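Following: one structure in structure tokens, then a few remarks.
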Amino acid sequence: MKPYAVFLLGAVVFMAGCGWREIPVNQRQQSVSPGGQYVVEVPIEKLEDGHRYWIPVIKGVDSEEIIYKDSQKEFIANVHIYWMWDVEDRLWMYSTDTGRVYVVIPKDDSWEKIFWGYAKDRRRYKEPINPPDGLFPELNT
């Protein structure tokens, strides 16, 4: 067998073993809210303290204007976070590092991030609302 054929066969076997996986709905960049007005991006940015964080940013779909940008250092970049819109165009975020769940709610002309509670409890904290189905990742046991 020729060397390039061996290489090609090895690459195909390697890629098949790794598998192609679709990005889960609770981690998709450029996720549009159900109402179609907002889009969320969650890039990783290096901040002034030298650490890298996931920074949720909500923009208008048509204008690309930043409507909300999280200024708190809640989501350190070396662990997973998950985010998802609910049917009321509220953005939910879950940190696997702390187990904390937040919801970003439109309030008049601004947005407010509220600590909802802990994922392990799946109980309400301050707001009488619940995270959307699919926010929490499936656990592989």
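The values are calculated or read from the model by the stated rules, or taken from the named source; none is laboratory data. Keep in mind it's a predicted model, so treat the numbers as computed, not measured. Every residue, glycine among them, receives a Cβ derived from its backbone with ideal geometry; neighbour counts consider all protein chains shown.
Suppose we filter segment 27-46 for residues that are in contact with a Lys or Arg (Cβ under 9 Å, 6 or more places away or on another chain) and of a type in the set (Val, Ile, Thr); how many remain? Talk me through it step by step, then tell me what you get.
Taking segment 27-46 first, the residues in contact with a Lys or Arg (Cβ under 9 Å, 6 or more places away or on another chain) are 33, 38-41, 44-46.
From what is left, the residues that are of a type in the set (Val, Ile, Thr) are 39-40, 44.
Total satisfying the criteria: 3.
Only one of (1) small (Gly, Ala, Ser); (2) surrounded by fewer than 11 Cβ atoms within 10 Å (Cβ to Cβ); (3) touching a residue at least 24 places away in the same chain (Cβ under 8 Å) fails for Ser71. Which number is that?
Result: Ser71 fails condition (3) only.
Whether any residue in segment 101-109 is within 20 Å of Gln30 (Cβ to Cβ), in a loop (DSSP other than H, G, I, E, B) and at pLDDT 90 or above is what I want to check.
Looking for residues that are within 20 Å of Gln30 (Cβ to Cβ), in a loop (DSSP other than H, G, I, E, B) and at pLDDT 90 or above, one finds none in segment 101-109, hence no.
If you scan segment 74-83, which residues turn out to be among the hydrophobic types (A, V, I, L, M, F, W, C), out of contact with any Lys or Arg (no Cβ under 9 Å at 6 or more places or on another chain) and either surrounded by 12 or more Cβ atoms within 10 Å (Cβ to Cβ) or assigned to a strand (DSSP E or B) (or both)? I'd like the intermediate steps shown before the answer.
Of the residues in segment 74-83, the ones among the hydrophobic types (A, V, I, L, M, F, W, C) are 75-77, 79, 81, 83.
Now narrow it down to the ones that are out of contact with any Lys or Arg (no Cβ under 9 Å at 6 or more places or on another chain): 75, 79, 81.
Hits for segment 74-83 are Phe75, Ile81.
Could you please tell me which pairs satisfy a Cβ distance under 8 Å, a separation of 6+ or placement on different chains, a first residue in segment 108-133 that is under 22 Å from Ile66 (Cα atoms), and a second residue that is outside any strand (DSSP E or B) and at pLDDT 65 or above?
Going by the 8 Å Cβ cut-off, the qualifying pairs are Lys113/Asp70; Lys113/Gln72.
Test each condition in (1) surrounded by fewer than 12 Cβ atoms within 10 Å (Cβ to Cβ); (2) outside any strand (DSSP E or B) for Pro34 and report the one that comes out false.
Here Pro34 meets the rest and fails (1).
Just to check your reading of the model, which residue among Asp97, Asp62 is at pLDDT below 90, within 23 Å of Pro24 (Cα to Cα), among the charged types (D, E, K, R) and assigned to a loop (DSSP other than H, G, I, E, B)? Quick ask: steps written out before the conclusion?
Values: Asp62 fails: within 23 Å of Pro24 (Cα to Cα).
Of the residues listed, the single one that is at pLDDT below 90, within 23 Å of Pro24 (Cα to Cα), among the charged types (D, E, K, R) and assigned to a loop (DSSP other than H, G, I, E, B) is Asp97.
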